[in-house]
1. What is the sum of charges around Leu39, taking Lys and Arg as +1, Asp and Glu as -1, for the other residues whose C-beta is under 14 Å from the C-beta of Leu39?
2. Please give the net charge around Arg123, taking every other residue with its beta carbon less than 14 angstrom from that of Arg123, where Lys and Arg add +1 and Asp and Glu add -1.
3. Tally Lys and Arg at +1 and Asp and Glu at -1 over the other residues with C-beta under 15 Å from the C-beta of Leu52: what net charge comes out?
4. In sequence order, what are the phi-derived ³J(HN,Hα) couplings for segment 38-45 according to the Karplus relation 6.51 cos²θ - 1.76 cosθ + 1.60 with θ = phi - 60°, rounded to whole Hz, with x for glycine and proline?
Amino acid sequence: MSVLVRPEPFSTEFSRLFNSLWETPAASASRHWVPEMDLVETDDLYLLKADLPGMKQEDVSIEFNDGTLTISGERKAEYERKEQGFFRLERSFGRFSRSLTLPDGIDPDKIGAAFHDGVLEVRIPKPEQRKPRRIEVAWNNGNGKPATIEGSPSES
């Protein structure tokens, strides 16, 4: 009796391994990668941090359009072409683009960004909440003064 095992866990890994062995650097230069990002909400702002190791500030673009914040850029491959032997590339590179839909009312002029040690930090101030406004109703008894109710407690 033989046992049949589904090969999926290994077949995808073997395919990736064999494809990477014979992949040319020109073909892998157009790869797409997705940098890791964190989005944290505080009381007064949204804080987005993106890990972009090996990139410079001029390699990154940040755009805000119709309530969507888009971060895009390209990390170029750093490799040598070797004529003999083979080598392995595990670091991701290529173009990326990440978009986040933000709540209504964000002021794009107040969004700030800083890039330090391969980490992009984008600070997005929250819009001011529209607070309900209490309107006092002035009761007037005809003489221009607020009406008052006078009386004394009575027992029945």
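1. Result for the neighbourhood of Leu39: -1.
2. With Lys, Arg at +1 and Asp, Glu at -1, the net is -4.
3. Net local charge, Leu52 excluded: -2.
4. These are the phi-based 3J(HN,Hα) values: 10, 10, 10, 9, 10, 5, 10, 7 Hz.
Bear in mind that the values in this text are calculations on the coordinates, not laboratory data. Worth saying up front: this structure is predicted, and the values here are computed from it rather than measured. Backbone-built Cβ (ideal geometry, glycine too); neighbour counts: all protein chains shown.
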